[in-house]
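First the structure, in the form of structure tokens, and then the observations on it.
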Amino acid sequence: MRPLLLALALLSSAAHAGPNPAAEAQALELAKKAIAIRSVNVPGGRTADVAKLFQDALVAGGFAASDIEIVPVDNTAYMIARWPGSDPKLKPLVISGHIDVVEAKPSDWQRDPFTPVVENGYLFGRGASDMKSDAALAVATLIDLKRTGYKPKRTIILEFSGDEETTMKTSSIIAERLKDAELVLNVDGGGGRFSADNKPQYMTWQGAEKTYADFELTVTNPGGHSSAPSPENAIAQLSAALARIGAYRFKPELNDITRDSFVKAAGFERDAKTAAAMRAFAKNPADAQAIAVLQANPSYVGQIGTTCVPTMVNGGHALNALPQKATANINCRIFPGHSPASILAELEKVAAEPAVKFADVTEGSVPNDASPLRPDLVKAVENALGKAWPGVPVFASQSSGASDSMWFRYHKVPSYGVSPLFSKDNDSFAHGLNERVQLVNFAPAIVYYRSLFTELSK
Ligand SMILES: [Zn+2]
């Protein structure tokens, strides 16, 4: 780093030093140590060591060793830590995250992915944004709360899954074990947006996500010589069905989360036509003009309803033979509130081709509905952000991807993605190369988590 940049970095970190210096320092230290541990869900992966790192920190911070479990599962492990509340009648508050990361090839990166690097105001490394910084911040906040004498009335459970990025086996085990929770704060969802000149614009919390599904379509024919075609051809039959499905649009719809999101996010949409469509759709989800604009926009098409697209196709076995078999995969992102079975049935009708057999071949996903817009949660998030980033708007969002919240929502436990980490549009490198997080996030994140965790457990 050049001297001028170093001076600027020191200046900016001093300017943002917050009111909890011990917790901030510990969070950064834990995040760096966690990044250095290659917690990929593969043979030899070290997820259990990240759990051990956090366990040791919690025990050193005054948590009872007997209240923290690390459970090995296949190549990974998960952690559940309890902070018993004074009122055992209250259902626990769960703070949820994951300690595994997506694989990273060092040869593709500018810096080694498993060596944490602090540079130009950023922390670089695999997991820096997804989600070892948030995990470290949550751990450091709980330790800081304990150190400063906080006593929760409601039991707080901190849990980290160990294969969120792959099979989600530990995610499903944890949700099953904790299905009596009052609500779940998932620190691996939500988040804020910085403008290009690093001003906080807004934060969203995630209250719903779409259900992932894969449907396999199969046509089988007797086959035969291609010089003597039969009236029915497996590839032609499948193709006809795929063309109809490809052209089909599910009925656009809204829920409380997406309505709130469209109305408030419209204020930050740069394109006036798109912003107008967002507002119009929030008022009337049957507005054809608004639907056309949003459906043509990759950022919003997934927000206004179920989408299903053909993603793979396979058929035939020789250039000169009638196909005996043709298959295709339809990948669906189902709007909350619909079962995969009902969407499959709708697609069967659209295909209108009795020879095509449909099968649900989804793996690692369960149907889940939107969590309610709970006033206590909304207020707690607004209060917390108001202390961390005064004046910055916050509203709900629905995600098109899947997180551990899905497993809790499946058990009807309300779950909310509430990470307060802000990033610029061009800083989003989760899962990709040169993953990073801005250090300016750490001080306000501790303020935010302290407020959020106490307000929902006091
Ligand atoms: Zn994640």
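The values are calculated or read from the model by the stated rules, or taken from the named source; none is laboratory data. What you see is a predicted model, and the numbers here were worked out from it, not measured in a lab. With ideal geometry, Cβ positions are generated from the backbone for all residues, glycine too; neighbour counts draw on all protein chains shown.
What to note about this one:
- Scanning segment 281-292 turns up no residue that is touching a strand residue (DSSP E or B) at 6+ places or on another chain (Cβ under 6 Å), more than 27 Å from Ala402 (Cβ to Cβ) and not small (Gly, Ala, Ser).
- Qualifying residue in segment 106-121 (condition: of a type in the set (A, V, I, L, M) and more than 16 Å from the ligand (Cβ to nearest atom)): yes
- Here the condition is being on the phi > 0 side of the Ramachandran plot and within 25 Å of the chain's Cα centre (by Cα); of Gly267, Gly224, Gly337, it holds for Gly337 alone.
- Test: residue in segment 223-235 that is under 21 Å from Gln398 (Cα atoms) and in contact with a strand residue (DSSP E or B) (Cβ under 8 Å, 6 or more places away or on another chain): no
- The one condition from (1) closer than 17 Å to Gly45 by Cβ; (2) within 16 Å of the ligand (Cβ to nearest atom); (3) not aromatic (Phe, Trp, Tyr) that Asp74 does not meet is (2).
- Residue in segment 159-171 that is more than 15 Å from the ligand (Cβ to nearest atom), modelled with pLDDT of 95 or more and out of contact with any Asp or Glu (no Cβ under 7 Å at 6 or more places or on another chain) present: no
- Scanning segment 94-111 for residues that are surrounded by fewer than 23 Cβ atoms within 10 Å (Cβ to Cβ) and farther than 17 Å from Arg46 by Cα yields Ser107, Asp108, Trp109, Gln110, Arg111.
- Of the strands (runs of 3 or more DSSP E) that lie entirely inside segment 256-365, those containing 2 or more residues that are surrounded by fewer than 18 Cβ atoms within 10 Å (Cβ to Cβ), touching a residue at least 40 places away in the same chain (Cβ under 8 Å) and touching a helix residue (DSSP H, G or I) at 6+ places or on another chain (Cβ under 8 Å) span 307-315, 357-360.
- Among the residues listed as Glu209, Glu164, Glu182, the single one being surrounded by fewer than 18 Cβ atoms within 10 Å (Cβ to Cβ) and touching a residue at least 60 places away in the same chain (Cβ under 8 Å): Glu182
- Filter result (surrounded by fewer than 18 Cβ atoms within 10 Å (Cβ to Cβ), among the basic types (Lys, Arg) and at negative phi) within segment 392-450: Lys424
- Scanning segment 172-186 for residues that are more than 19 Å from Ala384 (Cα to Cα) and within 16 Å of the ligand (Cβ to nearest atom) returns Ser172, Ile174, Ala175.
- Any strands (runs of 3 or more DSSP E) falling wholly within segment 176-240 and containing at least 3 residues that are within 20 Å of Tyr416 (Cα to Cα) and modelled with pLDDT of 95 or more: 183-194, 200-209
- Reported count of residues in segment 244-258, each being touching a Pro at 6+ places or on another chain (Cβ under 9 Å) and of a type in the set (Gly, Ala, Ser), is 1.
- Candidate set: segment 83-125, residues that are assigned to a loop (DSSP other than H, G, I, E, B) and of a type in the set (A, V, I, L, M, F, W, C); chosen: the one nearest to Gly417 (Cα to Cα): Ile99
- Of note, Leu242 does not satisfy the criterion of being over 21 Å from Ser399 (Cα atoms), in contact (Cβ under 8 Å) with a residue 12 or more places away in the chain, touching a strand residue (DSSP E or B) at 6+ places or on another chain (Cβ under 8 Å) and buried (at least 21 other Cβ atoms within 10 Å of the Cβ).
- The set of residues from segment 132-153 being under 19 Å from Leu93 (Cβ atoms) and either within 14 Å of the ligand (Cβ to nearest atom) or crowded, with 19+ Cβ neighbours inside 10 Å (or both) comprises Asp134, Ala135, Leu137, Ala138, Val139, Ala140, Thr141, Leu142, Ile143, Asp144, Leu145, Pro152.
- Segment 48-91: number of residues that are more than 24 Å from Ile37 (Cα to Cα) and buried (at least 22 other Cβ atoms within 10 Å of the Cβ): 1
- Positions within segment 33-82 being in a helix (DSSP H, G or I), touching a strand residue (DSSP E or B) at 6+ places or on another chain (Cβ under 7 Å) and in contact (Cβ under 8 Å) with a residue 60 or more places away in the chain, in sequence order: Thr47, Ala48, Ala51, Phe54, Leu58
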